[in-house]
2 protein chains.
Amino acid sequence: MITRMSSLFLRTLREDPADAEVPSHKLLVRAGYVRRVAPGGYTWLPLGLRVLRNIEQVVREEMDAFGAQEIQFPALLPREPYEATGRWTEYGPNVFRLKDRKGADYMLGPTHEELFALTVKGEYNSYKDYPVTLYQIQTKYRDEARPRAGILRGREFLMKDSYSFDLSDEGLSESYQAHRDAYIRIFERLGMEYVIVSATSGAMGGSASEEFLAVAPTGEDTFVRSTESGYAANVEAVTTPAPPEQSTEDKPESQVHHTPATPTIQTLVDHLNGAGLGRTFTAADTLKNVLVKTRKPGEKDWTLLAIGLPGDREVDFKRLEAAFEPAEVTLLDDADFARNGFLVKGYIGPGALLANGVRFLVDPRVVRGTAWVTGADKADHHVVDLVAGRDFTPDGVIDVAEVREGDPSPDGHGVLVAARGIEIGHIFQLGRKYADAFSLDALGPDSKPIRITMGSYGIGVSRLVAAIAEQSHDEKGIIWPRNVAPADIHLVVAGKDEALLAGGEKLAGELHAAGLSVLLDDRPKVSPGVKFKDAELIGVPTILVVGRGLADGQVEVKDRRSGDRTDVAVDAVVEHLVGLVRG
Amino acid sequence: MITRMSSLFLRTLREDPADAEVPSHKLLVRAGYVRRVAPGGYTWLPLGLRVLRNIEQVVREEMDAFGAQEIQFPALLPREPYEATGRWTEYGPNVFRLKDRKGADYMLGPTHEELFALTVKGEYNSYKDYPVTLYQIQTKYRDEARPRAGILRGREFLMKDSYSFDLSDEGLSESYQAHRDAYIRIFERLGMEYVIVSATSGAMGGSASEEFLAVAPTGEDTFVRSTESGYAANVEAVTTPAPPEQSTEDKPESQVHHTPATPTIQTLVDHLNGAGLGRTFTAADTLKNVLVKTRKPGEKDWTLLAIGLPGDREVDFKRLEAAFEPAEVTLLDDADFARNGFLVKGYIGPGALLANGVRFLVDPRVVRGTAWVTGADKADHHVVDLVAGRDFTPDGVIDVAEVREGDPSPDGHGVLVAARGIEIGHIFQLGRKYADAFSLDALGPDSKPIRITMGSYGIGVSRLVAAIAEQSHDEKGIIWPRNVAPADIHLVVAGKDEALLAGGEKLAGELHAAGLSVLLDDRPKVSPGVKFKDAELIGVPTILVVGRGLADGQVEVKDRRSGDRTDVAVDAVVEHLVGLVRG
């Protein structure tokens, strides 16, 4: 295909759009790939649509390659199936809802678990039908509170969502692995730098779950990665390694100390270090007991819960919420403290908690034999050398303390550092939640029903356009990976005389005949300087310049990424470029 | 591509779905192409999605071929642009409306004139930029009062909509013609039987307009066509040929007759024929004067209007509405008659109308010199031999009488017959309505603004799947045209033994290697009879049967449409089939 810029519906912009903050947003607008229509709603202009379709095609090929079958659901979905799973309500304001002319409720689908489950139930009934994996590449809708960063977080976007249906947990694991492998191939083909992080499940409710994050400093998601291994995880999914247990035999007796005016960890540590105990304490030696209350969905009453963690760490609320999901969890308020007189605020210790039946969970670092400074359940008093497993026995472990750079990597190699990424894929073992909601069973060989187990897998296809631009650009513009670029070759006719234009047209024709797609800058009244700037902004990886050298049989091939220029004989350039593109 | 039915997500049905009335709906559901999710909302199953994509690709290729450029808008559209053109209100209940979490108004786009106009305005400003034609293939939404016939009239559907932008009326005509030619190529490639009918414009407001109708007895649209020429038109667009004018000299004087109890045309004719006037009258000799009132948009008061037409014809209200659009038009009620005492109901004649300043328009057949029996503006009295151009002079002509089979074709060849069709395409010279609304101008060579003129062109892509099935099926199932079929070859392994299955797999591999797509019925536990029935239902045009003959080196090639079977040597069958498909 030859696309002539003289007639292409494209106007590049020299200025960044006023509402753009991240590089991909600025560059995709400036280079004429997308235009904003509404908050989170974008139009794909011709070159943008090509990039989007290129990505879509890579995704489709890799899905088809492992036997997934493409179907397509409506985006306008009736309420009933979502009522059956409780999600009509759960989605809250994040979903667009509407009524039809008869007053029936609909939503614009943000995800399609219910309909996939119902569809499989409608078609299949025997164990011989399974396993099956279905997918769609479809426009989805979410009423984001803050649509931002252009197409990175839109309200209307293109997603590949797929669902696996298996007879057994082992089958689900295999389907999950098949998706994981396909996703790796997809992101490799798209030339992305990404990590796979363990993730918690979000609102979908299930077990194994990993996210693919495109590494980008502008990403919304934070994650941690090891300095020495391939380990990476969402902060919510980091597991803190427990230190070895210690003997309780050799520990001194616990002692209560009068510690006036020490409501905070720092004042406590300062007091103790000035108390002449012959030891130096740090915040990490103290055990902070944080009181929360939890409530399961549908329950009326809250349950008290205490979390004991080293005093140098705060509770990470995202980790806390993830740990209790789908239950609610919140800090105690003053009225709660008033109702529970045994809680001496600022001086709470394991003693009063355990004596009063408050469930007491501790950080993984609070192993048997560790000695702690903690509250003595009496105003202005703390206890020193309270030993876990000797002086108190927690009800269990909870891993919700903040994760910090420098913490040891859970896999034992290196330490953790923080990074940011853009979620581009998510794979997730849903389990039987949706099958249970719709009684999705297969009739087994013994004529007994087998409850189906599902996996759910997503790729943000339109978001990938931005994620790739976010990873692959410089100050001059975008630099597309070859598999994604809107053309194979950007051919710049660098001059206005007829011979150059004719030479450019001839070369474009030859490249086209050789199977390459060409973006031909044949604009008659545009200076070479402006054409070069546009080429760099648009970001086709290889730029062919037809200029004065043509008279001497020379053209110039420029690599967009490195900026390297090579003079090539015009007779040899087609073969040269085919080699570059195909190689 | 080889698609194995042993794992294909497909279950055919032996029974018609309960809600299906038309053949395409029944067969597309039974053959497993689509499934209903909600009223007017359908899921595309794997084979259905392939057919849809095949059609989409033909449309895309022909649009690209004449230089139209593909872009894509969101479906979720903000209110403002539609407010500017008045269509936010005009659409009434036919559009899905919703609010986002901040209370802002949105609609699900039924058509995109506004956004295309705004987008071109945003990018282009010089006359040198024009003309340009843009298109999208996109999911559209209409809240149909009665979604019916499966995907034939859905509420969520795939459309190709395109818009041309020109500097002049001549340019618009050329863009219109380019679309018309492309549509002809598209529908030819899709193997459709269609007619192009002149159409009125509907709610879009403009001038030249034609519809492409797929001829089908189940179609919602009626049209008329000539028995002897290619003439076809929507009933609203038929122009009645005027007979030659006659001399008024040789006509007898008009005479008022007492015609008691003749409130209807039939009673009047009967009375006159029994009155001994020496002549026989028919209803066609009478002039019926129908009183209506009209009101332009935004006006408060109605204006009286009389329509004179031969008494053997009724006013066709669709034609009447089309003639006055966008004004309203309705029959007079009793109060209107009471207010206008000169109107003697049942006996209204041109005399009182013209004397009282009522605008009087007549059917094209009421030419100068024709003599009529009509009301004498006095109860129980009619006038005979009232001659147009001598005894009364109408204010003009209006062509709103019903069109009947047997009427002469407007092109002078043959007579009209009625037929039904499915609207599959619409091309339409919009003019400057939207350019005016948004001040879409190009800066001319003299630096003066040139108002742009637009065309609007649509093809119902998903509807075409049903329209083709509607035209191409028999009692056994669908018969897809080759360019549309979900596979090139349906290969049936007619038996259960291993050798047959191996032979089928080998042939499928060879066909695939030769570039054909194969739907391979390799289901191990399904009888040949069921496989044959499914193949006929699914409708791939060529069926290859691998059965007992394989042992003797023979396979059978069956033509789905004719039912003809041919034995072919297995060594020669790949070449034979490539010839069939590519030929």
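The values are calculated or read from the model by the stated rules, or taken from the named source; none is laboratory data. As the structure is a computational prediction, the values presented were derived from the model and not from experiment. Here the Cβ is made from the backbone with ideal geometry for all residues, glycine too, and neighbour counts use every protein chain on show. Surface areas here come from the heavy atoms of the whole protein model, side chains and all, with no ligands, DNA or RNA. Shrake-Rupley method; radii C 1.70, N 1.55, O 1.52, S 1.80 Å.
Remarks
- Ranking by accessible area, most exposed first, for B:W302, B:W480 with a 1.4 Å probe: B:W302, B:W480
- Helices that extend 18 Å or more along their long axis by alpha-carbon positions and average at least 0.0 on the Kyte-Doolittle scale are, among the DSSP H runs of chain A, A:498-513.
- Per-residue mean of C-beta atoms belonging to partner chains within 10 Å, peptide A:7-19: 2
- Equivalent ellipsoid, the stretch A:487-582 (semi-axes from 5 times Cα gyration tensor eigenvalues, Å): 17, 16, 13
- Of all DSSP beta bridges confined to the stretch A:455-583, the antiparallel ones make up roughly 55%.
- Sum of side-chain charges, B:L213 neighbourhood, beta-carbon under 11 Å (Lys, Arg +1; Asp, Glu -1): -4
- Of the trypsin sites (Lys or Arg not before Pro) in the stretch B:253-356, the ones in a loop by DSSP (not H, G, I, E or B) with at most 16 other beta carbons within 10 Å are B:R279, B:K300, B:K345.
- Measuring nothing but how far apart in sequence close Cα pairs (under 8 Å, 6+ apart) lie, relative to its length, chain A scores a relative contact order of 18 percent.
- Given R0 = 45 Å, the distance between the Cβ atoms of A:V256 and A:R420 translates into a calculated FRET efficiency of 0.45.
- Using the Cβ-Cβ distance between A:R582 and A:A499 with R0 = 35 Å, the FRET efficiency computed as 1/(1 + (r/R0)^6) comes to roughly 0.70.
- The residues packed around A:D391, meaning those with a beta-carbon under 14 Å from its beta-carbon, carry a net charge of -1 if Lys and Arg are +1 and Asp and Glu are -1.
- Dipole magnitude of the protein assembly as shown, debye to nearest 20 (Cβ charges: Lys/Arg +1, Asp/Glu -1, about Cα centre): 900
- In the protein assembly as shown, taking the dipole from charged Cβ atoms about the Cα centre, the farthest positive-side position among A:S447, B:L10, B:F360 is held by B:F360.
- Accessible surface comparison of A:L501, B:L305, probe 1.4 Å, protein chains only, largest first: the order is A:L501, B:L305.
- Values of log10 I(q)/I(0) for chain B across q = 0.05, 0.10, 0.12 Å⁻¹ run -0.32, -0.98, -1.18, by the Debye formula with one identical scatterer at each alpha carbon and no solvent.
- Relative contact order for the stretch B:487-582: 31 percent, from Cα pairs under 8 Å spaced at least 6 residues apart, divided by residue count.
- This model, with +1 at the C-beta of Lys and Arg and -1 at the C-beta of Asp and Glu, gives the stretch B:255-397 a dipole about its Cα centre of some 240 debye.
- Residues of type aspartates and glutamates that A:K251 reaches as a straight line, Cα spacing below 18 Å, ignoring anything fewer than 8 places off in the same chain: A:D285, A:D385, A:D391
- Chains B and A together, accessible area buried on both sides, 1.4 angstrom probe, square angstrom: 4600
- All Cα-Cα separations within the protein assembly as shown were binned at 20 Å from zero, giving a P(r) of 10, 30, 31, 19, 8, 2, 0, 0, each value a whole percent of the pairs.
- Counting only protein heavy atoms and a probe of 1.4 Å, the accessible surface of the stretch A:255-397 is 51% carbon and sulfur.
- For the residues of A:35-47, the average number of beta carbons from a partner chain within 10 Å of their own beta carbon is 6.
- FRET efficiency, 1/(1 + (r/R0)^6) with R0 30 Å, evaluated for B:E123 and B:R97 via beta carbons: 0.55
- Between the listed residues B:A467, A:F337, A:L45, the Cα displaced farthest toward the positive end of the dipole of the protein assembly as shown, a dipole computed from Cβ unit charges relative to the Cα centre, is found at A:F337.
- Across the stretch A:255-397, the relative contact order, built from alpha-carbon pairs under 8 Å that are at least six residues apart, equals 27 percent.
- Kirkwood hydrodynamic radius computed over the stretch B:255-397 comes to 15.6 Å, based on all pairs of distinct alpha carbons.
- By accessible area with a 1.4 Å probe, ligands and nucleic acids excluded, highest first: order of B:H382, A:H258: A:H258, B:H382
- Peptides B:431-438, B:535-542 ordered by average Cβ neighbours within 10 Å, highest first: B:535-542, B:431-438
- Exercise: per-residue mean of other protein chain Cβ atoms within 10 Å, B:144-156: 1
- Theoretical gain in end-to-end length, A:K525 to A:E61 [0.36 nm per residue, Cα-Cα removed]: 162.9 nm
- Amide hydrogen neighbours beyond the local backbone of B:Q554, cut-off 5 Å, H modeled: B:V570
- Backbone N under 18 Å from the B:T393 label point (7 Å along Cα→Cβ), restricted to the stretch B:236-278: B:245-249
- Summed over the residues of the protein assembly as shown and divided among them, the accessible surface reaches 41 Å² per residue at a probe radius of 1.4 Å.
- Helix-only mean residue ellipticity at 222 nm for the protein assembly as shown, each DSSP H run of n ≥ 4 adding -39500 (n - 2.57), per residue, nearest 500: -7500 deg cm²/dmol
- For B:K506, the solvent-accessible surface computed with a 1.4 Å probe is close to 130 Å², ligands and nucleic acids excluded.
- Each label point was placed 7 Å from the Cα along the Cα-to-Cβ direction; for B:N273 and A:E90 their separation is 7.7 nm.
- Summing +1 for each Lys or Arg and -1 for each Asp or Glu among the other residues whose beta-carbon sits under 11 angstrom from that of A:R50 gives -1.
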